[in-house]
Amino acid sequence: MVLNKYRENVKGYLEAIVRPLVKVGVTPNMITVVGLLLSLLSAYLFYLREPRLAALVLLIGSLIDALDGTLARLTGKVSRFGAFLDSTSDRISDGFVLFGVALGGLADWRIAFLTFMGAYLVSYERCRAELAGSGKLAVGIAERAERLLVLIAFSLAGAEYVKYGVYLVGILAWITVFQRMWAAYQRLK
């Protein structure tokens, strides 16, 4: 939720980045797939115990992933499938990154699994509550962007700090789960 407040401030920069992509025929879905592939590469680098490099690749992939919606809006190619593909790619990315961290022994697999569950529930709750009629449920302390930045920051600090990033992401995700649960209860009761 914190970073969403700044989305409007960077809109012009994002549009400036995607304008050249429009000219060469890049589509929003292509950008989504590139962002996903970079996240999968990041997961593999975590598995190889290269957290700093993994964090840089994840950061680049996340920045690229932020462009697909801008490109879709700028070109009038906003679609329900594009939104579905983007959301699904984000869930795949989150799962594989945490899987790579756990397989690489950078964090206890049980904590990585609980973090994974919390991250998925944050997204699921929003989708399910909105389908039930809650209105936009963009509430909570840590949406995906905040969680990614926490993991990236701790990973850049080195292998011995990755686990603390995973722990903090897990705590933030579960706090967000309970915040959304409460907000959905208030709106849907």
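How many of the residues making up the range 164-189 are among the charged types (D, E, K, R) and open to solvent by 70 Å² or more (accessible area, probe 1.4 Å)? Walk me through it before giving the result.
Quick first cut of the range 164-189, residues among the charged types (D, E, K, R) only: 180, 187, 189.
Still in the list and also open to solvent by 70 Å² or more (accessible area, probe 1.4 Å): 187, 189.
Adding up the residues that qualify gives 2.
Every test in (1) within 17 Å of residue 112 (Cα to Cα); (2) touching a residue at least 24 places away in the same chain (Cβ under 8 Å); (3) surrounded by fewer than 16 Cβ atoms within 10 Å (Cβ to Cβ) is passed by residue 160 save one, and that test is (2).
The values are calculated or read from the model by the stated rules, or taken from the named source; none is laboratory data. Here the structure is a predicted model, which is why all the values come from computation and not from measurement. Cβ atoms come from the backbone with ideal geometry, glycine included; neighbour counts cover every protein chain shown. Surface areas here come from the heavy atoms of the whole protein model, side chains and all, with no ligands, DNA or RNA. Shrake-Rupley method; radii C 1.70, N 1.55, O 1.52, S 1.80 Å.
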